[in-house]
Each structure stands twice: as structure tokens, then as C-alpha cells.
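Student: Here's a structure for you.
The values are calculated or read from the model by the stated rules, or taken from the named source; none is laboratory data. This structure is a prediction, so every number in the text was calculated from the model and none was measured. When we count neighbours, we look across all protein chains shown, and the Cβ atoms used for this are built from the backbone with ideal geometry, even at glycine.
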Amino acid sequence: MDNESLLQFPCDFPIKIMGGGSTDFRELVVELVSRHAPDLDEARISVRDSRAGRYQSVTVVVNARDRAQLDALYLELSGHPRITLVL
């Protein structure tokens, strides 16, 4: 049995990225994600502000090619100082 991944690649894979609410947070997320998923579709990006506006969540749906791509993407996102949480 292949315990490497339960995902079948390629697949659409949603990622939620949270950080401080600022006017350029969405652009930062798109820039970082596009390094790993250059085919990112702008129509598959959604943004939500927290009730008080201090935080923002950006959800992107990437066309994941393989596990290595997702691992590299998560590593870069979670290592960025302006990003609080990646789900």
C-alpha cells in the first residue's frame, strides 16, 4: 500500500493562509504561491477579513502536481514572517 499520500495527483488543492490584515497581504500571498504554482487562477482566490479587521485569510486553490510541490509551497508560506498560519 502506498502510504506516501492519499491524494491523487494532479488535483485541486485549497490552501488557507492567514496573517495580519493589510492592504498588500493578498498580493504577498499570490506572489509566494505563484512561485510554486505559476498557473494559479485569480478566480480561485478568495479573501476574508476578520471581524475587527486585524487579520485576513486568503484561500487559494492550486492545481497540485505532486506532493513535493505542496511541501515546498507549505514550507515557504509557513516560513514567511508575515504569515501566521497555513492550513
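Student: Every residue in region 17-49 that is over 16 Å from Gly79 (Cα atoms) and either part of a loop (DSSP other than H, G, I, E, B) or acidic (Asp, Glu) (or both), please.
Tutor: Result: Gly21, Ser22, Thr23, Asp24, Glu27, Ala37, Pro38, Asp39, Leu40, Asp41, Glu42, Asp49.
Student: Would you confirm, using the coordinates I've provided, whether Val33 is in contact with a helix residue (DSSP H, G or I) (Cβ under 7 Å, 6 or more places away or on another chain) and closer than 20 Å to Gln8 by Cα?
Tutor: no
Student: Out of the residues in region 50-87 meeting the condition of being among the hydroxyl-bearing types (Ser, Thr, Tyr) and part of a strand (DSSP E or B), tell me which one is farthest from Leu7 (Cα to Cα).
Tutor: Tyr55
Student: A further question on this structure: Only residues that are small (Gly, Ala, Ser) and in contact with a helix residue (DSSP H, G or I) (Cβ under 6 Å, 6 or more places away or on another chain): list them for region 39-87, please.
Tutor: Correct list: Ala64, Ala72.
Student: Against the definition (among the aromatic types (Phe, Trp, Tyr), modelled with pLDDT of 95 or more and within 10 Å of the chain's Cα centre (by Cα)), how does Phe25 come out, yes or no?
Tutor: Considered against the rule, which asks whether it is among the aromatic types (Phe, Trp, Tyr), modelled with pLDDT of 95 or more and within 10 Å of the chain's Cα centre (by Cα), Phe25 comes out as no.
Student: Which residues, counting only those in region 78-87, are over 14 Å from Glu31 (Cα atoms) and surrounded by 17 or more Cβ atoms within 10 Å (Cβ to Cβ)?
Tutor: Val86
Student: Kindly establish whether Leu28 is touching a residue at least 60 places away in the same chain (Cβ under 8 Å), hydrophobic (A, V, I, L, M, F, W, C) and surrounded by 13 or more Cβ atoms within 10 Å (Cβ to Cβ).
Tutor: The answer is no for Leu28.
Student: Anything in region 48-60 that is in contact with a Lys or Arg (Cβ under 6 Å, 6 or more places away or on another chain) and over 15 Å from Leu32 (Cβ atoms)? List them, or say none.
Tutor: Selection gives nothing.
Student: For region 37-49, does any single residue satisfy the condition of being surrounded by 16 or more Cβ atoms within 10 Å (Cβ to Cβ), at pLDDT 95 or above, over 19 Å from Leu7 (Cα atoms) and small (Gly, Ala, Ser)?
Tutor: No, region 37-49 has no match at all.
Student: Could you tell me whether any residue of region 66-77 is touching a Phe, Trp or Tyr at 6+ places or on another chain (Cβ under 6 Å), surrounded by fewer than 17 Cβ atoms within 10 Å (Cβ to Cβ) and in contact (Cβ under 8 Å) with a residue 40 or more places away in the chain?
Tutor: Yes, that holds for at least one residue.
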